[in-house]
1. What are the residues in the range B:243-259 that are within 14 Å of chain C (Cβ to nearest Cβ) and surrounded by fewer than 15 Cβ atoms within 10 Å (Cβ to Cβ), if any?
2. Report, by residue number, each residue of the range A:44-53 that is at the interface with chain B (Cβ under 9 Å from one of its Cβ atoms) and open to solvent by 10 Å² or more (accessible area, probe 1.4 Å).
3. Grab the helices (runs of 4 or more DSSP H) fully contained in the range B:1-114, keeping just those with 2 or more residues being free of Cβ contacts under 8 Å to residues at least 12 places away in the same chain and outside the structural domain of B:Asp284 (by the TED database).
4. Determine, yes or no, whether C:Thr72 is free of Cβ contacts under 8 Å to residues at least 40 places away in the same chain, among the polar types (S, T, N, Q) and out of contact with any Pro (no Cβ under 8 Å at 6 or more places or on another chain).
5. In the set C:Thr297, C:Thr291, which member is touching a residue at least 24 places away in the same chain (Cβ under 8 Å), hydroxyl-bearing (Ser, Thr, Tyr) and open to solvent by 10 Å² or more (accessible area, probe 1.4 Å)?
6. Which of the residues spanning the range B:61-107 are over 18 Å from B:Ile192 (Cα atoms), surrounded by fewer than 18 Cβ atoms within 10 Å (Cβ to Cβ) and within 13 Å of another protein chain (Cβ to nearest Cβ)?
Amino acid sequence: MTKLTVNNKKYEVSGSSARTLASVLRNDLGLTGTKVSCAEGECGSCTVLLDGQPVTSCLVLVDQAEGRKIETIESLGRPDQLHPIQQAFIDEQGFQCGACTPGFIIAAKAFLAENPNPTEDEASIAMSGNICRCGAHPYIVRAVLNAAEKMRGL
Amino acid sequence: MRSDFDYHRPDSVESAVRMKCELGSESRFWAGGTDLVLQWKSQKIKPLHCIDVTAIAGLGYIENDGSLLRIGGLTSLSELERADRQDPYLKTLAEVACLMCTVQTRTIATIAGNLCNASPAGDLFPTLIAMDAYLKVVGEAGGRELPVEVLMISPGKTSLHHSELVTEICIPTPSQARASSYRRIDRTVVDIALVSAAGAIRLDSNNVVESAIIAMGAVAPTVIRSARAEALLTGTALSALNGEFLQRVGDAAATDATPITDVRASAEYRSAMIKVLVRRVLEDISDSLLGESE
Amino acid sequence: MGMKEKLSIVGKGVPVKDAASKVTGSLRYAVDMGIHRMAFGKILRSPHPHARVKSIDTSRAEALPGVITVLTHHDTPRNNWEAAWFNYRGNVLDGIARFVGDEVAAVAAESEDIAERALELIDINWEILPHVFDIEEAAKPDAPQIREEGNVRPPFLVEWGDISQGEAESDFVVDCDIKFPSQQYAPLGRNASIAEWDNDKVTLWTSSQTPSEVKDGVHEALDIPQSKIRVQALPCGSSFGIWWSNNFMMVTVLLARKAGRAVKIELNNEECMATVKRRHEERARGRMGCTKDGKLTFLDMNHMIDNGAYGFKDDVGYASLELWNGIGNARCQITGVNTNRVTAGCFRGVGDCTMSVALERMADQLAEKAGLDPIQFRTKNQISAGDEFNSMKQYAEELRQEMNGDPLDFVAPELHHKWPKLFHLSSGSSLPMLDDGAARFRWNEKFKGWGIPSSIQGAKHRAVGVGTGSHTCGVETEGNSSAVVRLNPDGSARVFVSAGRQGQGSETTQAQVAAEALGLSLDMVEAELGDTDSAPWGHGSIASNTMYRAGWATREAALDARQQVLELAARDCFDGIDPESLDIVEGVVGLKDNPASGKTVTISEVLNLFRSDAMGQMSSITGRNKDPMPPTLAYSRQFATHFVEVEVDTETGQIKILDYLALQDSGTVVNPQILKNQVIGGAICGLGYALYEELKLSPETGEALNANLLDYKLLRTADFPAHAEVVFHESYDPVGPYGARGAGESPMAAAIPAVVQAVYNATGVWVDMPMSPENVMRALGKV
């Protein structure tokens, strides 16, 4: 039995230890906002926060996440009440198909917590841990800068 | 089919080592796990037990007592990225960490885990070897020290006993003028080194090279040093570390390299590039040392 | 025709309708979907490049607890099914494996783990067959034949004039022999399919750009009536043409039928990258000539494409032949050849990212010889609106002879009098974009001459390049596009048109077009694109079809619905006046000339007036497009012109992209925010293909060696300048909805030659793709 704290809610998950956090989040907890694409830690679409730090959940064993604070895209906002980062991504249309978007937004959240006033270069480098195959690259960077501005104004 | 495994979480080095001995060769020490998960998914390894060592307290630190840098084995790459860059060797290590994998992987990947993965293309290997670093390990037979240079015996294999854990990485930091650099060939901004080179030079009080270590990655089954390049450098004045001389050192280093062709690059390209990289590493070092001596 | 109307919604960069779903992660792709009590399927794949199943024993697999059933070729019908645009032709399973990774059998079980374990328990006795991997080898008559129709498709020929005459007139002649590697879609988000049978009717959920064609595929593969098939095409992750109709979808349908349970098959990343589809490997051998003042005299092109195991194409996009319409004489032959490697098919900008790159390179080499810069040379030889397509002269003539008259004589006059002049480019061009782009990019400052860097700092050479690209705007062959627009009693509307949702915002732009036509605000219009029970047959999102052809149908259907409303309103609310004097604005019907002061009635009131009418007046308005769209291929193209600045490290071969400007002419821009993304996205995908993306196929087994994102390199945010700009040239299309044209693929076609030329200018050598650091150094002779 593995105890997980996800988005401030407590869960008890049974089953094999030979599972990743990504697959448990999606298949056992029904939190399908976290996407799994490459499943090898390259694309970042499965990014979640562990104690506020970004990790690719496809590389984290479920038991390793016990006792840590896990935040997924579902913790951020709802369609009728979006987080400033989510709104910024909409304003700049920092997405196309959307499959990479939750991963980028979570990575952006961690980045902006550490660097609330980034330059374009810093934002661009920071977002390079994620891949957007559709090619929204410049709009993703603008979304991060837009989000930084929104959050500084709060 | 991927193996099923049990999960264990010892809270001390002693209990981890003991557990490893009990559970035997079908068990694996697991730190960040960023390489191991991939090997398990692709069935390269089939562990029956995962011994998660990340709960062991007190193994994540970067300390500088003036003559020795000590980095805890479980220090994450992102902690290394954030290291205080005042010390020239730490500055190089922090810069190298930024090149490694992705920001997400750096959050959980540890230095010990990365070194034990023993990849000839691994960025930390040549960097630490050039710095004359050594490891402290603890295993069934107790504690011992070994140079980083002898850790990797072939791609994916270390010289460690299966019960041994890397608890600390030590880097001597004598008070003389010193500088290091690491350069690699990559394609996109996140990549594995196609070929890499690191160097570290210490000067005596007359600004003459007292010791030089040149280490090269992805040009041999392990990360190797270039005796020829080092011989050329030792005893040379700082003022001579430029131009055609450095090109010769680069060429000499290439003669010690035995690269192969694989899906990432050909042997010919790697041979040609190692010359360029070694030269550029030395140019970096020369710039740094000249900047200091002004 | 040609007038730009005053528009209220078309042209606005409104956020996409599913924006909130995307940023909250709540948008459901097929991988996120599940059905209560569904089983999980896994596919057994061939370890051999060409082999026949002599015998297959599934007893051990079936005995594993949790396994529901195993599907083999003994259970499947022997019908060939075809994917759109000849991207696949074959049986679902037929006991013959034609590439490493080919589907051989499938297991349905209670869990994915059990299904996977069961795969290992299926015992097969293989008869190894001879294989062939090389296109040229496979084209030889004595090569192992991979398919019943033979390996070689009849060559596709486009020609005009007399090339030997053209060569005689040439002062300069160049040639090329370029191999283009396979690009892999690397579809982020992967895919899955879920099939559920209800007696003899099946529903299939999957992420697809082509809902109607998936339904066709099931119909052909199973030979059951189309009325018994419902496809619910879900939004895709990045697709670029991989998720059309794929064999694993058909396997899912048959597995679910045998299992008697709903079954979900989810493809892992390696399966997505190694077993579905890839861009053809291609080889362009050509010669091209020009006069001393730079007029292109001839092109002789021999182009081969590798269809892989199940691809069936005999041509690739050749809009470049139309873009470079100034070529005096041409002969372009394209031949499709099968090999024992994973199927190859259409990838964004098919043909116009390969053959056209060869063409642009030869043109650039000729320009250098003639002493013209790339802008001048293109301006001298590229097409302008009104020009007759050289490439279609022969076809047009053949039609006239076959029909014994003008083709238009056979089309109803009330239709074709609205058509543009066939076989002529109706609108658009690269020429104004070359001029405008050159000025904005400060081309004259930065371009120092062919093969001469703009600046040098140590080993780092900087240079600029320009590339042009074109593509079709959808195709009318192999099927048309239709739309239906239904009004709800409250006056809101639903558009039903077959299209994909893979990031190009079609659920938004189709709604924008319909809202504009109906006179409704955007939030009163929604588009349903993927349900084949409601959307009529349409070509889906292929060949840059969506805005142009699907959008045209949507507008026609919306106008039809609008007309029905106005006729009702005129008769029963406005004392029988001429419906032409009425208009709808924001859902309110009123007099065109005096809307505010005169009588007004809402659409809802018009509809509800008649709901309880015992005489059965229309209480639901259904609009549809009645006439066929003019034949797009005969007059419409999209154009892209890209400028790039690179820095090449001439000691290592590494290339950095420093600056980028993309110009696009796709007529009216319906949604600039969406279209900028499409243009930049195409540029980045093109740069990726030009620089790093190569799906390496083993010379020993034909299998993909780098079917993962570690070694299949994709550009990341820091690999592309965040300040890149997009500029639109909106040349009004006479047919497209509100003057809009297709746009998805020409950006890719322009990006590649732009960066190839820039690298030439930086280094003095032409480098073949991928321009990896190593390939650059080899081209420089330094490795």
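1. Selection gives B:Gly243 alone.
2. A:Gln53
3. B:13-23, B:36-41
4. So C:Thr72 fits the description; yes.
5. Criteria check complete, one pass: C:Thr291.
6. Within the range B:61-107, just B:Arg82 meets the criteria.
The rows are residues; the columns are (1) at pLDDT 95 or above; (2) outside any loop (DSSP other than H, G, I, E, B); (3) buried (at least 24 other Cβ atoms within 10 Å of the Cβ).
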position	(1), (2), (3)
C:Thr477	no, no, no
C:Ser481	no, no, yes
C:Pro489	no, no, no
C:Arg501	yes, no, yes
C:Ala511	yes, yes, yes
C:Ala514	yes, yes, yes
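So that you can scan it fast, the table gives a plain yes or no per residue for (1) in contact with a helix residue (DSSP H, G or I) (Cβ under 7 Å, 6 or more places away or on another chain); (2) within 14 Å of chain C (Cβ to nearest Cβ); (3) part of a strand (DSSP E or B); (4) free of Cβ contacts under 8 Å to residues at least 12 places away in the same chain:
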site	(1), (2), (3), (4)
B:Pro174	no, no, no, no
B:Arg183	yes, yes, yes, no
B:Ile192	no, yes, no, no
B:Ala198	yes, no, yes, no
B:Ile213	yes, no, yes, no
B:Thr222	no, no, no, no
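The values are calculated or read from the model by the stated rules, or taken from the named source; none is laboratory data. This structure is a prediction, so every number in the text was calculated from the model and none was measured. So basically every Cβ, Gly included, is an ideal-geometry build from the backbone, and we count neighbours across all protein chains shown. Calculation scope for accessible area: heavy atoms of the full protein, side chains included, ligands and nucleic acids excluded. Shrake-Rupley method; radii C 1.70, N 1.55, O 1.52, S 1.80 Å.
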